[in-house]
Amino acid sequence: MLGNEAIARGAYEAGVKVSSAYPGTPSTEVSENIVKYDGIYAEWAPNEKVATEVAIGASMAGVRSMTMMKMVGLNVAADPLFTAGYIGVNGGMVLVVADDPGIYSSQNEQDTRMIGRAAMVPVIEPADSEEARVFTKYAYEVSEKYDTPVILRTTTRLAHSQGVVNLEDRVEVDDKIYERNIAKNVMMPGNAIKRHIDVEKRLNDLTEDACTMPINKVEYNDTKIGFITSGIPYQYVKEVLPNASVLKLGMVHPLPKKLIKEFASKVDRLIIFEELEPVIEEQVRAMGIECDGKNIFTIQGEYSANMLREKILGEKIEVKAAADAPARPPILCPGCPHRATYSVLKKLRIHAAGDIGCYTLGAVNPLGVVDTTVCMGSSISTLHGMEKAKGKDYIKNWVAVIGDSTFLHTGVNSLMNMVYNKATGTVIILDNSTTGMTGHQDNPATGKTLSGEEANVILLDELCKAMGVKNVVVADPFDLKNFEEVVKAEVAKDEVSVIIAKSPCALLKSYVPKGKCIAIPEKCKKCGMCLASGCPAITKNEDGTISIDQTLCNGCGLCMSNCKFDAIELKKKGE
Amino acid sequence: MAETKNIMIVGVGGQGTLLTSRILGGITVLAGYDVKLSEVHGMAQRGGSVVTYVRYGENVAEPIVEEGQADVLIAFERLEALRYSHFLKKDGVIIVNDQRIDPMPVVTGVAQYPDNIIENLSKEHNVLALDAMDEAIKMGNSRVFNVIILGAAAKRMDFPKEQWIEVIKNTVPPKTVDINVAAFEKGYELFA
């Protein structure tokens, strides 16, 4: 099982009844697997804040609940989390938060353990798929025993690695009785002051009890070197130094201080081996214990076994230098509707304030349209900030681009701000009818729920109109001529405009290609216009003409529309 | 088997490296090994260079394969074979689909697609190059080229053919079982 599948299994076995999440690599598969189990209600929420609040509500009502997100999603959910830490739980509550060391699919490399510390909630970290299952169950025990939400922290390498997992039966946990308790559940100042005392006491109790928790494990072997480690880095230690002594932490916040002191006293050299920030190391040093850590190992990226071989064993790793191969960065797929939108923006020399999704890839050449990307929903508000800084004429060659799912996540309130504060900018909602980058999850605009049932549909155009946007245009970006006219007209207006660029993702199962594009070399003038939109199905031949890979082409016809010499034709399906 | 076996599957996002690695993982579990698989999801999948690792043996800790450690490199595209060739052990084997997909820097003209990749790799490694895409198109479904390559790789591994087919049946989408099994047989027989 993938680490993420194992977490879903653990949640099932723990008797979880409610799960709510927003997709985010590398956490998405937890939801996609949890929904397969009977006895669990699982949903996609529009964003992580909403999902966390749903989990809080379910916990208050007395059942075990779960929410899952990537680490930047926890920033969105930070508001409910910090206060849920004060309130505690009724039914157990776990937040699965996936970090991304090495930044495979994220906009930064933040360390969730630091947020766990700031929020004063315990953080539990498994090291393989089987532990992911077992620790998930244990997290609910901790949650209910200590009256606290618990963060189960994973990383990309754990979430997306498969390992052998044992299965146990589901434990049907009786619902806790709901009792009105405003001192605990209503966080106004007078109550919060008292709860803060409870939170501190809880952390002290956990610090003490963590010394005997089964998830914190001491392996005494050769005591010349002792490692304190957790999660995937533990596997590298076992791979390279199977005979070293190890204190493997399953709970990475709060730390079992007595246990650490005892372990440190028994080994000659103490090494803290942790990916990302020196969270454990700084606390160990603050206890007055000498250790090695970030003085040897990097803060950036993923760790490896070779790192230990080199830095600890002093081995010289003789590896051949990597071959000189041109990079292959990710790109928009053949048939992607974003490519059509961007080819129009490029032609009109319009800059785009970008957002989080596949369409961020519009930043790179040959499209080179997207200028900025910060976080979910930020495209609309950053465009607004530019206008307020420099005036409405300054943004006449700018638009904001945002996907349908991202717009519903946190773009809506940014648009509300534009309308309210009399902005004049143009927002293009790239509506491809799915949450594309994370692998095609449904959202409130797609008409389907996580479990595949028919859902109420949020109509993007009606929503924008209801917020007071007077200019709302729905247009197909592949109708290049019309789309160009629409963009020109809306950008020129001194009012907020929303253009909904509507065309489905070419990877959707429901997408049926019209056919395949084929090049006609005799007509080709070698101008390169078809190459300008960066479709990976098109390659330039040595003589300057082009070939279109028939296995890659999705028949969107963008290259054909951009060719002035009719040197590309669409071979319709069945012809 | 005392030593852990390290296999890498590399290709271009969308070529089906995940499915292939899951079949490989399935067969090692069936044979009673401890196994770890590591995959890449998310943005990197969008036409980028992708790599998955399969490690199996008696007791596997680390989920990834590092430079100089791979026993087998299965590459779905020539340039990707070149890119990851330094992960191979000295006597490691490359099984490469003889196909060229230009990365964007080549399309835009800022980089050149290297010439003679297979010839150059063959100087230092044991290379099996095959045009699986051509075979897949002949079979009527270009997408199963990955399972053809897997068939060729399977011929060089120690698991019985019937077990492979059992795992394929359990791993691929139900509607595609027949074509995938046929593709596997094709690779197994054709590139012996």
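The values are calculated or read from the model by the stated rules, or taken from the named source; none is laboratory data. Predicted, not measured: the structure shown is a model, and the values here were computed from it. Counting neighbours? That spans all protein chains shown, and the Cβs are built from the backbone with ideal geometry, glycine included. SASA here: full protein model, heavy atoms, side chains in, ligands and nucleic acids out. Shrake-Rupley method; radii C 1.70, N 1.55, O 1.52, S 1.80 Å.
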- Contour minus end-to-end for A:LYS217 and A:ASP476, with contour as 0.36 nm per residue of separation and end-to-end as the Cα-Cα distance? 87.4 nm
- Query: Say a paramagnetic label sat at a point 7 Å from the Cα of A:LYS320, along Cα to Cβ; which residues of the stretch B:88-127 have their backbone N under 14 Å from it?
  - Reply: B:88-95, B:117-127
- Message: Modelling each spin label as a point 7 Å along the Cα-to-Cβ direction, I'd like the A:VAL374/A:GLU485 distance in nm, to one decimal.
- Response: 3.6
- About the Cα centre of the stretch A:137-271, how large is the charge dipole given +1 on each Lys and Arg Cβ and -1 on each Asp and Glu Cβ? Please answer in debye to the nearest 20. 540
- Item | Protection proxy ranking of A:411-419, A:388-396 - average other beta-carbon atoms within 10 Å, highest first | A:411-419, A:388-396
- What is the Cα centroid distance between the stretch A:188-220 and the stretch A:246-303, reported in whole angstrom? 19
- Query: Cα axis of helix A:257-266 to longest principal axis of chain A: angle in degrees, 0 to 90, nearest 10?
  - Reply: 70
- Message: Summing both sides, how much accessible area is buried between A and B? Use a 1.4 Å probe and give Å² to the nearest 100.
- Response: 4100
- Note on the structure: For chain A, the charge dipole (Cβ of Lys, Arg +1; Cβ of Asp, Glu -1; about the Cα centre) points to a positive end, and the Cα of A:ALA323, A:VAL374, A:VAL76 closest to that extreme belongs to A:VAL374
- Note on the structure: Per the helix-only model, the protein assembly as shown has a calculated mean residue ellipticity at 222 nm (DSSP H runs of ≥4, -39500 (n - 2.57) each, divided over all residues, rounded to the nearest 500) of -10000 deg cm²/dmol
- Solvent accessible area, Å² - A:LEU450, 1.4 Å probe, full protein context: 30
- Item | Calculated FRET value between B:ASP178 and A:THR449, using beta carbons and R₀ = 30 Å, to 0.05 | 0.40
- Accessible heavy-atom area order of B:ASP34, A:ASP268, highest first, probe of 1.4 Å: A:ASP268, B:ASP34
- Query: Tell me, what is the percent relative contact order of chain A, built from C-alpha pairs under 8 Å that lie six or more residues apart?
  - Reply: 11
- Message: Inside 10 Å of the C-beta atoms of A:162-168, what's the mean count of C-beta atoms belonging to other chains?
- Response: 4
- With the dipole of the protein assembly as shown worked out from charges on the C-beta (+1 for Lys and Arg, -1 for Asp and Glu) around the Cα centre, which of A:VAL252, A:GLY301, A:TYR12 lies farthest toward the positive end? A:GLY301
- Task: Give the residues of the stretch A:1-37 whose amide nitrogen is closer than 20 Å to a point set 7 Å from the Cα of A:THR83 in the direction of its Cβ.
- Result: A:20-21
- Query: Rounded, prolate or oblate: which fits chain A when a ≥ b ≥ c are the square roots of the eigenvalues of the alpha-carbon gyration tensor, with rounded for a/c under 1.5 and prolate only if a/b beats b/c?
  - Reply: prolate
- Report the residues of the stretch A:101-115 in range of a label on A:ALA327: point 7 Å along Cα→C-beta, backbone N strictly under 17 Å from it. A:102-108
- With a Förster radius of 45 Å, plug the Cβ-Cβ distance of B:SER122 and A:LYS523 into 1/(1 + (r/R0)^6) and report the FRET value to the nearest 0.05. 0.70
- Can you figure out the FRET efficiency of B:MET157 with B:GLN112, using R₀ = 25 Å and their beta-carbon distance, to the nearest 0.05? 0.10
- Using Cα atoms only, what is the angle between the long axis of helix A:78-87 and the major principal axis of chain A, expressed in degrees (0 to 90) to the nearest 10? 30
- Task: Using Cα pairs closer than 8 Å and at least 6 residues apart in sequence, work out the relative contact order for the stretch A:3-212, in percent.
- Result: 25
- In debye, nearest 20, what is the charge dipole magnitude of the stretch A:217-311 about its Cα centre with +1 on Lys and Arg Cβ and -1 on Asp and Glu Cβ, if you could check? 320
- For the protein assembly as shown, what is the charge dipole size about the Cα centre, in debye to the nearest 20, if Lys and Arg each add +1 at the Cβ and Asp and Glu each add -1 at the Cβ? 1580
- Restricting the stretch B:1-80 to GluC sites (Glu not before Pro) in coil, as DSSP defines it, with at most 10 other Cβ within 10 Å: B:GLU3
- Message: Contact order normalised by length for the stretch A:227-377, with contacts defined as Cα pairs under 8 Å and 6 or more residues apart; what percent is it?
- Response: 16
- Task: Subtract the Cα-Cα distance of A:LYS224 and A:LYS509 from 0.36 nm times their separation in residues, and report this length gain in nm to one decimal.
- Result: 96.9 nm
- Query: Which is farthest toward the positive dipole end of the protein assembly as shown among B:LEU130, B:TRP164, B:ILE117, measuring Cα position about the Cα centre, with Cβ charges +1 (Lys, Arg) and -1 (Asp, Glu)?
  - Reply: B:ILE117
- Quick tally, 1.4 Å probe accessible area for A:ASP566, B:ASP71, sorted with the most first, runs A:ASP566, B:ASP71
- Rounded to the nearest 10 Å², the accessible area of A:TYR138 using a 1.4 Å probe with every protein chain kept is 50
